[in-house]
Each structure stands twice: as C-alpha cells, then as structure tokens.
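To start, the structure itself, in structure tokens.
Only the coordinates and a few stated rules stand behind these numbers; no lab work does. Note that the coordinates shown come from a computational prediction; the quantities given were computed from them, not determined experimentally. Cβ atoms come from the backbone with ideal geometry, glycine included; neighbour counts cover every protein chain shown.
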Amino acid sequence: MLTADQLYHSPNVLAEYYRQFRVAERLLLTGHSHQAWPDVALHGMEKCWQDAATHIDDKWERAFAVAGQVKASFATLLHDHSGYYALGQNSHELVVRFLSALALRQRPRLITTDSEFHSIRRQLDRLAEEGIEIVRVPSQPLATLVARLNEQVNSKTAAVLISSVFYDSGLICPPLTELMQRCEQNGVELLIDLYHQLNVVPFDVEVQGL
C-alpha cells in the first residue's frame, strides 16, 4: 500500500508506470480521457495485435479470457456479485446499444438531467428531433434531485438516464435507491453513467440498493 508521502514525493512514485506520457518531466492537469495512460495499456494493445497475428481465427479464446478479467475487475470495483457486464469501445457506443433496446414506440418518454455528458446528451437530442419526449430535470439543487426525478417517472417512461458524477460541476449525485425503486414499480429502465466516478470515488451497488 502506497503512503501519502510517497504520492507527494517528486517524482511521483507512480511515474515509472507512466513513462510513455513522461509524467516525471511535465505536469498534466487534464482529467477525463486526456489524462495520462499507464504503460501497461500500450503493452495490452501490443499483445492484442500479436495474438491476432499469431493465432488468426484462434485468437478469440484468448480475447474472451481477457474480457472476462476486465468484467470481473469492474464487478470488484462496484462490489457487485450478481451483475452482467457488456463491454464496448466507449460510453457512446454503450448508450446507443441501451437505447436501441427500449420500447420507445410504446413508451416514448425519456428522463434525464441538464448536466449529462455528450454521450447521453447527443443521443437524446437526436431522439427529440424524432418526436421522443425528453424530460430534462435540473441537476441542482442536489438535495431535491432524486425526488424531482421520481415525480417525472410514469407509465409512458421508457428509461431514466443519469450520471453519478456530473461532468459540468464535479458534483456527486445523491444515492439513487429511491429512484431505482420508483423505476422498478413502473417498469422503467435506469441507466447510471459512472464514467466520471468509477475507480475515483467509490460506488457500491449493494450500498446503493441497485
């Protein structure tokens, strides 16, 4: 276990794992997808390429084994013992796949907030152009957000899409247990975007009752 003193030391004790991004030589203040990537990410991509070149059509057994490890890691981070995990290239792809599975003809109503990242916002903007009702609930004040979302859920609602950490403010969404219960009572799907929280701020699906 690393100590705070090790992390505060210059160069940072983790710098040796980020040599490609030269974090020991420069200060990177960007977050999000522009942050430094560890060297192991490059090694993983090279291994993927080598497996494809070496094993051709027999590469899939190895690929699925690695995918299983990734899914298990997500489950550990979320303290989730019973979930099913689908992998995608990015959050945008996963949102599109989620929306494509909704019965929007029967339930032409989606609920979200006014603080969603573009992977959700862009898709909902496009659906609104096709006549789907998009209800955008203000994310603030946070104290009443869940209650205000609950008020909007009805039998015409197909899904609620919300972030656990709002990208435009960095504020953490309150627990969503009551919203999950409200969605279950009305047969509504709940999508929680953890992109800005996962492996940064703990998120426990059992504690949240999700």
- Tabulate in residue order the Karplus-calculated ³J(HN,Hα) for the stretch 63-74, using 6.51 cos²θ - 1.76 cosθ + 1.60 with θ = phi - 60°, rounded to whole Hz; enter x for Gly and Pro. 5, 5, 5, 5, 4, x, 5, 5, 4, 5, 5, 4
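With r defined as the distance between the Cβ atoms of Lys59 and Tyr84 and R0 fixed at 25 Å, what FRET efficiency is calculated, to the nearest 0.05? Please report the intermediate quantities before stating the final value.
Numbers: r = 24 Å, r/R0 = 0.95.
E between Lys59 and Tyr84, to the nearest 0.05, is 0.55.
Could you tell me what fraction of 2.2 N^0.38 Å the Cα radius of gyration of the stretch 85-167 comes to, as a two-decimal ratio?
Working: Rg = 12.7 Å, N = 83, 2.2 N^0.38 = 11.8 Å.
Dividing the Cα radius of gyration by 2.2 N^0.38 Å gives 1.08.
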- Query: For labels at Glu133 and Asn199 in the simple 7 Å Cα→Cβ model, what's the distance in nm?
  - Reply: 4.0
- Note on the structure: A convex hull over the alpha carbons of the stretch 1-60 yields, per residue, a volume in Å³ of 126
- Query: Taking the stretch 39-78, how much of its Cα-Cα pair set, in percent, is spaced more than 13 angstrom apart?
  - Reply: 58
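Please state the relative contact order of the stretch 159-210 as a whole percent: Cα pairs under 8 Å, 6+ residues apart?
Working: 51 pairs, mean separation 24.6, N = 52.
It comes to 47 percent, rounded to a whole number.
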- Between the helical axis of 118-129 and the dominant principal axis of the chain, each derived from Cα atoms, what acute angle in degrees is found, rounded to the nearest 10? 30
- Message: Can you classify the stretch 1-121 as rounded, prolate or oblate using the Cα gyration tensor, where a ≥ b ≥ c are the square roots of its eigenvalues, rounded means a/c under 1.5, and otherwise it's prolate if a/b beats b/c and oblate if not?
- Response: oblate
- Message: If I take the Cα coordinates of the chain and project them onto the principal axes, what are the three extents in Å, biggest first?
- Response: 52, 48, 35
- Calculated on alpha-carbon atoms, Rg and Dmax of the stretch 69-133 in Å: 14.4, 41
- Using the alpha-carbon atoms, what tilt in degrees (0 to 90, nearest 10) does helix 91-100 show relative to the longest principal axis of the chain? 30
- Hey, what D do you get for the stretch 116-210 in µm²/s if you plug the Kirkwood alpha-carbon radius into Stokes-Einstein at 4 °C and 1.567 mPa s? 93
- Filter the chymotrypsin sites (Phe, Trp or Tyr not before Pro) in the stretch 59-90 down to the DSSP loop ones having no more than 12 other Cβ atoms within 10 Å, then list what survives. Tyr84
- Message: Test of understanding: given the chain, find the longest segment containing no GluC sites (Glu not before Pro) that are in a DSSP loop and have at most 12 other Cβ atoms within 10 Å.
- Response: 26-129
- Amide N proximity, the stretch 76-113 versus Lys156 label position 7 Å along Cα-to-Cβ, cut-off under 20 Å: 102-113
- Relative contact order (percent, whole number), the chain, Cα cutoff 8 Å, 6+ residue spacing: 17
- Relative contact order (percent, whole number), the stretch 106-210, Cα cutoff 8 Å, 6+ residue spacing: 30
- Item | All lysines inside 21 Å of Lys71 as judged from Cα atoms, apart from same-chain residues fewer than 8 positions distant | Lys47, Lys59
